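Below is one structure. I have some questions about it.
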């Protein structure tokens, strides 16, 4: 049988991933000796995530983050009787001038979005807290409209990155509760 370098590399990658403890989040493990791939998906983590109510956030970037979180956590609508409450406690935005011209005006901005969040249960007990960071940038162009458009697109991209990060951390938290492994406060 002919084995190409590509096939050997794929086999090595699969062996590496299997050896490093990689486990899918959304599937059910039958026992410690059996592996996941029985085509039976566990929906309990998805159901837990769908029972999270995302609190309102005041500013524009906060609204974008909230909308993306709603799409990821509760695609069927806001839960009627939520078990958890996700609150964005603080949003910090830092802008750094880059690529300076001779007259010391910038042609590019690096923007750092840092969002702090906390997940509480329905009894207002803090379950997890954390922060999520997105590093992005945009060009400062001669046309002010183009610069404004680039800045707004930058905000939308940052909101998607942060919402993805928070939803993955919540999924990891709920997975750790279900499998009773690790310290859930690390997420």
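Could you pull out the residue among 145, 113 that is under 23 Å from residue 66 (Cα atoms) and either modelled with pLDDT under 95 or under 19 Å from the mean Cα position of the chain (by Cα) (or both)? Outline the logic, then answer.
Details: 145 fails: under 23 Å from residue 66 (Cα atoms).
Exactly one residue qualifies, and that residue is 113.
Tell me which of these residue 177 doesn't satisfy, since it passes every other one: (1) surrounded by 17 or more Cβ atoms within 10 Å (Cβ to Cβ); (2) touching a helix residue (DSSP H, G or I) at 6+ places or on another chain (Cβ under 8 Å).
(1)
Can you name every residue in the range 45-100 that is assigned to a helix (DSSP H, G or I), touching a residue at least 60 places away in the same chain (Cβ under 8 Å) and surrounded by 14 or more Cβ atoms within 10 Å (Cβ to Cβ)?
45, 48, 49, 61, 64, 65, 67, 68, 69, 72, 73
Next up: Just one of the numbered conditions (1) surrounded by 15 or more Cβ atoms within 10 Å (Cβ to Cβ); (2) in a strand (DSSP E or B) is not true of residue 163; which one?
(2)
Keeping to the range 127-142, report how many residues are under 14 Å from the mean Cα position of the chain (by Cα) and crowded, with 17+ Cβ neighbours inside 10 Å. Write out each step before concluding.
Applying the first criterion (under 14 Å from the mean Cα position of the chain (by Cα)) to the range 127-142 yields 129-135.
Those left that are additionally crowded, with 17+ Cβ neighbours inside 10 Å: 130, 132, 134.
Here the count works out to 3.
Please tell me if residue 157 is within 20 Å of the chain's Cα centre (by Cα), under 19 Å from residue 55 (Cα atoms) and modelled with pLDDT of 95 or more. Before you say what the answer is, go through the steps one by one.
On the way: within 20 Å of the chain's Cα centre (by Cα): yes; under 19 Å from residue 55 (Cα atoms): no; modelled with pLDDT of 95 or more: yes.
Against the criterion (within 20 Å of the chain's Cα centre (by Cα), under 19 Å from residue 55 (Cα atoms) and modelled with pLDDT of 95 or more), residue 157 does not qualify.
Okay, moving on. Counting only residues that are part of a loop (DSSP other than H, G, I, E, B) and touching a strand residue (DSSP E or B) at 6+ places or on another chain (Cβ under 9 Å), which one in the range 105-126 is surrounded by the fewest Cβ atoms within 10 Å (Cβ to Cβ)? Full working, then the answer.
Looking only at the range 105-126, we keep the residues that are part of a loop (DSSP other than H, G, I, E, B), and these are 105, 122-125.
Subset that is touching a strand residue (DSSP E or B) at 6+ places or on another chain (Cβ under 9 Å): 105, 122, 124.
Details: 105: 10, 122: 12, 124: 7.
Looking at residues that are part of a loop (DSSP other than H, G, I, E, B) and touching a strand residue (DSSP E or B) at 6+ places or on another chain (Cβ under 9 Å), I get 124.
The values are calculated or read from the model by the stated rules, or taken from the named source; none is laboratory data. Predicted model only: the values in this text are computed from it and were never measured. Cβ sites come from the backbone with ideal geometry, for glycine too, and all protein chains shown count toward neighbours.
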